[in-house]
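This report refers to the structure that appears directly beneath it.
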Amino acid sequence: MELVFPDYEGSSIVNFSAGLLEHFMAQRPDGSVPYSFESNKIDLSGSEKVVVFVIDALGYFNLLRIMEENSFRLFSREDIRILTSVFPSTTTAALTSIFTANTPSRHGFLGYLLNIPEYGGLVNMIELTPYTQDRDNLTRLGFDPLKYIERQTIFESLKEAGVRGYHLTSKSFVNTGLTRMHTRGGIARGAHGIGDILEELKIVLDSEEASSLTIVYWGLIDTYGHRYGPESLAYSVETTALIRSIEDFFDRYVEPGTSFFITADHGQIQTPWDREIWWSKFDRSFEHMYSMPGGEQRMAYIYTSDREKTQEVLEELYGDSLLVIPTDSLDWKRYFGGEMSNTLKKRVGELITISKEDYSFCFKYTGQEHSLKGRHGGLSPEEMYVPLIFLKKG
């Protein structure tokens with residue numbers, strides 16, 4: 001099994017964000033390593049306005065597969081650079097890394113589900129709510145989304161340097177706790193589809209501001225990937241239409257001094273139903289656990305009062321399909337980008353499972369869960385490698 005670890009030393013999405021801060025001469029997080037645009041033959045000189053399209057779940061290998069049947073006018077496969085995602089390769093961890101230029105070990109958003117005792121147990125980190133409750137219900141427990149992330153966002157750093165920051169996203173996300181966290185110091189604008197998101201982008205680029213960074217987030221491809229799989233027609237058609245719309249906009253409306261990037265937070269891997277492992281609190285492997293698992297269906301945080309016995313049972317039952325790693329022997333820097341505080345270590349529990357090949361490890365939280373044809377969170381090349389495409393005029 002090939003494992004791809006985050007390249008926090010220079011070529012991850014964290015380094016890419018740090019590199020953007022360096023380009024605008026804004027303060028970077030302590031110890032951050034900026035992506036070297038120059039050594040990767042990306043000429044950002046004279047680019048006072050930069051636009052980054054973050055296409056959720058557009059993995060590098062997913063894109064190459066699409067390009068076997070669909071070509072794009074402004075780049076070829078030879079023009080695509082490669083970044084790695086973070087661990088886990090999932091939206092909450094990866095987007096927070098992009099919007100803060102910090103590794104998961106520093107920002108603390110470590111997966112889709114986390115056991116956070118101070119907020120009552122298992123928390124959905126996308127919707128910021130106790131699991132199965134309504135979105136943003138943590139606010140009823142004293143949670144303040146604008147204060148939770150202690151690290152500066154890239155928009156706050158840019159603002160101090162005199163650079164305006166924009167975040168264009170779905171109108172359904174724009175006022176949620178997570179988007180408000182990510183956009184702190186910048187301006188968030190919502191849109192219904194690609195037409196009005198590009199209209200909003202045109203307004204931003206036509207403004208009189210001397211310099212700006214705009215992050216455009218597009219989440220629909222991830223949705224199609226989960227439902228139909230990243231090898232599906234839906235995934236391919238949506239990706240092709242989106243990138244061609246970006247190319248058309250770039251040709252027609254972008255002036256010299258503006259550069260575009262197209263990248264992603266993570267990729268996706270096709271996960272067949274016959275490689276799904278379903279388990280519940282009634283199974284032998286749950287006997288010593290004090291919480292339902294966190295994480296994802298391609299990696300899980302196991303919270304157990306008897307690490308050795310739980311590891312033994314998991315390896316006995318699922319050793320052919322899972323790696324089971326004790327967190328007390330984990331190389332924190334390799335996985336999460338650095339040593340973590342004791343508070344954060346409690347969120348990842350005593351064991352971490354990582355799915356081998358295209359297996360998925362699916363816990364029955366409510367019994368209403370269903371199969372997904374595409375997933376992410378693990379360390380496969382399909383999940384970890386994301387494209388970096390650069391477009392510049394003049």
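Values quoted throughout were computed directly from the atomic coordinates according to the rules given, and no laboratory measurement underlies them. If you're wondering where the values come from, they're calculated on a predicted model, not measured in any experiment. Note that we place each Cβ from the backbone using ideal geometry, even for glycine, and neighbour counts take in every protein chain shown.
Here are a few things to note about the model shown:
- Database remark: amide H of Ala188 closer than 5 angstrom to the amide H of His167 (H placed geometrically; neighbours at sequence offset of 5 or more, or on other chains; Pro and chain starts carry no H).
- The range 185-238: projected area of the alpha-carbon convex hull, averaged over directions, in nm²: 4.9
- Net charge over other residues, Cβ less than 11 angstrom from the Cβ of Thr240 (K, R count +1; D, E count -1): -2
- Using the Cβ of Lys364 as centre and a radius below 13 Å, the other residues enclosed give a net charge of -2, where K and R count +1 and D and E count -1.
- When the C-alpha to C-alpha distance is required to be over 18 Å, the pairs from Lys49/Lys393; Lys309/Lys333; Lys202/Lys393; Lys333/Lys356 that qualify are Lys309/Lys333; Lys333/Lys356.
- Calculated from the alpha-carbon coordinates, the range 26-115 shows an Rg and a Dmax of 15.6, 46 Å respectively.
- Basic side chains Lys and Arg get +1 at the Cβ, acidic Asp and Glu get -1 at the Cβ, and with that the dipole of the range 32-135 about its Cα centre reaches some 100 debye.
- Taking the Cα centre of the chain as reference, the dipole from Cβ charges on Lys and Arg (+1) and Asp and Glu (-1) amounts to some 700 debye.
- Converting phi to 3J(HN,Hα) with the Karplus coefficients 6.51, -1.76 and 1.60 and the offset θ = phi - 60°, the range 163-176 yields 10, 7, x, 10, 10, 9, 8, 4, 4, 6, 9, 4, 9, 6 Hz in sequence order, with x at every glycine or proline.
- Think of the chain as having a plus end and a minus end, set by charges on the Cβ of Lys, Arg, Asp and Glu; of Val324, Ile13, Val51, Val51 sits farthest toward the positive end of this dipole.
- Surrounding net charge for Ser280, when Lys and Arg each add one and Asp and Glu each subtract one, Cβ distance under 13 Å: 0
- Semi-axis lengths, Å, the range 136-204, gyration tensor of Cα atoms, sqrt of 5 times eigenvalues: 23, 18, 6
- Secondary-structure-derived ellipticity at 222 nm for the chain, considering helices only, amounts to -8500 deg cm²/dmol, per-run term -39500 (n - 2.57) for DSSP H runs with n ≥ 4.
- Long-range HN-HN contacts of Glu209 with modeled amide H, under 5 Å: none
- Working from the Cα coordinates of the range 1-44, the gyration tensor eigenvalues give, after taking √(5λ), semi-axes of 21, 14, 6 Å in decreasing order.
- Note on the range 257-394: Cα-only Rg and Dmax are 17.6, 64 Å.
- Averaged over residues, the count of other Cβ atoms within 10 Å places the peptides 260-273, 114-127, 16-29, 35-48 in the sequence 260-273, 16-29, 114-127, 35-48, highest first.
- Per residue convex hull volume, Cα atoms of the range 65-139, in Å³: 154
- For the range 173-231, the list of GluC sites (Glu not before Pro) that fall in a loop by DSSP and count at most 11 other C-beta atoms within 10 angstrom reads Glu208.
- In Hz, Karplus ³J(HN,Hα) per residue of the range 263-275 (6.51, -1.76, 1.60; θ = phi - 60°; x = Gly, Pro): 8, 8, 7, 6, x, 8, 10, 5, 10, x, 5, 7, 10
- Close amide H contacts of Ile277 (hydrogens built in the peptide plane, cut-off under 5 Å, sequence separation of 5 or more or a different chain): Ser360, Phe361, Cys362.
- Kirkwood Rh, Cα atoms: Rg over Rh of the range 146-268: 0.98
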